[in-house]
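The values are calculated or read from the model by the stated rules, or taken from the named source; none is laboratory data. Only a predicted model underlies this, so the values are computations on that prediction, with no experimental measurement involved. Counting neighbours? That spans all protein chains shown, and the Cβs are built from the backbone with ideal geometry, glycine included.
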Amino acid sequence: MNAVKNTPVRRSPLAHRTAMSAPDDVLHLSERAFDAKIVLRGLPEALGPAVAKVTGLELPSATRSTASETHRLLWQSPDEFLLLGPMDSESALMSALAVELEGQHVQTVNVTDYHTTLVLSGPRARETLMTLSTLDLHPRGFTPDQVAGTTFGHASGWLVQTVDDGAEGGPSFDILVRWSHADYLFCELTHGARAFGMPEAKPVSGELMEI
Amino acid sequence: MFVIDCPNCGSRDQSEFTYAGEAHIARPTESENMTDAEWAEFVFMRTNTKGLFAERWWHATGCRKFFNMLRNTATDEIHAVYRIGEKPPKVTANLPLTPAGESSIGSGNDAVKIMTRDEENAS
Ligand SMILES: [Zn+2]
């Protein structure tokens, strides 16, 4: 996991926060900043071969994601996908995709600095998300590799389950949230998890939705 | 609040969606030749049906696509969800259109506000 929050050229929106945990390892919350993030717009017929060549990943079907050791590809809508890669790989990915997609009616946009990623893991992760979301988060309703664009409190973002419920340490979820909403959502998640002994983080500005 | 079946994402809570007005209103092709009255008709005038109504919805936080819906505006029963560009499917809705058996024309409030002369005098 990338714990870097400051580099000479950029500073993550949660650089002032440290990872937080509830007692007995029931819940962990942290930020994984600076994942490479690229939005791919276009028809799957055009995007599929190019993405496969650059990342080795197949395009996911609706509401799903595909992943390798290094990359993850999220379905966002019938003609839109979000490609995640390792830190500092966005320029190389953009160049490689530009070569493969040359002349086609598609669009690639580097949104690396648009979202940051919150990582919520542990046996209580689902219950914590339930305090903020209207999604069906039962293990049968939201499964590994599933993707949903939704709202968490007042912040909208993308949720994807990256680790199975059966794994040691429980399931893990990535939440992609806009930079300006990241501090709010970080604090809101600690607030939602206070029943599990999570210490509460207070937002730098503004206030939380009381739940 | 109700649950909406997005054609792309599946069942989601209404809070993820934005209402986008009456469906199947085509934008005029030669608007430069229209009178102000005709333009106003296109921009502002809607049928505001009580009962089975074709309307557009936008999945704002999910796939961010528009789609059409046939909804009974009196009972909030959703009869069909279909894609932009498709014709509304044939559905059967039971009339009268509200659980209370109000008239299918006019506002529900008026229908329940009808009182007998004796009741009016008493209040
Ligand atoms: Zn949708």
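Here is how the numbers come out for the structure above:
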{"quantity": "Residues of segment A:29-70 that turn out to be within 14 Å of chain B (Cβ to nearest Cβ) and charged (D, E, K, R), as a count", "calculated": "2"}
{"quantity": "Residues of segment A:139-155 that turn out to be touching a residue at least 12 places away in the same chain (Cβ under 8 Å) and either in a loop (DSSP other than H, G, I, E, B) or away from chain B (no Cβ under 11 Å) (or both), as a count", "calculated": "7"}
{"quantity": "Test: residue in segment B:20-29 that is within 16 Å of the ligand (Cβ to nearest atom) and under 16 Å from the mean Cα position of the chain (by Cα)", "calculated": "yes"}
{"quantity": "Those residues of segment A:161-185 which are within 14 Å of chain B (Cβ to nearest Cβ) and closer than 21 Å to A:VAL26 by Cβ, in sequence order", "calculated": "A:ILE175, A:LEU185"}
{"quantity": "Residue, surrounded by the most Cβ atoms within 10 Å (Cβ to Cβ), within segment A:36-70, restricted to residues that are farther than 22 Å from B:GLY62 by Cα and among the hydrophobic types (A, V, I, L, M, F, W, C)", "calculated": "A:VAL51"}
{"quantity": "Residues being within 14 Å of chain B (Cβ to nearest Cβ), buried (at least 21 other Cβ atoms within 10 Å of the Cβ) and over 12 Å from A:ASN110 (Cβ atoms) - total across segment A:71-98", "calculated": "4"}
{"quantity": "Looking only at segment B:26-59, and only at residues there that are surrounded by 16 or more Cβ atoms within 10 Å (Cβ to Cβ) and without any contact (Cβ under 8 Å) to a residue 40 or more places away in the chain, the one that is nearest to the other protein chains (Cβ to nearest Cβ)", "calculated": "B:ARG56"}
{"quantity": "Subset of segment B:4-21 (residues that are within 9 Å of another protein chain (Cβ to nearest Cβ), in contact (Cβ under 8 Å) with a residue 40 or more places away in the chain and not in a loop (DSSP other than H, G, I, E, B))", "calculated": "B:ARG12, B:GLU16"}
{"quantity": "Unmet criterion (only one of (1) more than 14 Å from chain A (Cβ to nearest Cβ); (2) within 12 Å of the ligand (Cβ to nearest atom); (3) not in a strand (DSSP E or B)) for B:GLY62", "calculated": "(1)"}
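Yes/no matrix, rows are residues, columns are (1) under 21 Å from B:ARG64 (Cα atoms); (2) outside the structural domain of A:GLY42 (by TED's automatic domain parsing); (3) under 17 Å from the mean Cα position of the chain (by Cα):
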position: A:GLU102; (1), (2), (3): no, no, no
position: A:SER121; (1), (2), (3): no, yes, yes
position: A:ILE175; (1), (2), (3): yes, yes, yes
position: A:CYS187; (1), (2), (3): no, yes, yes
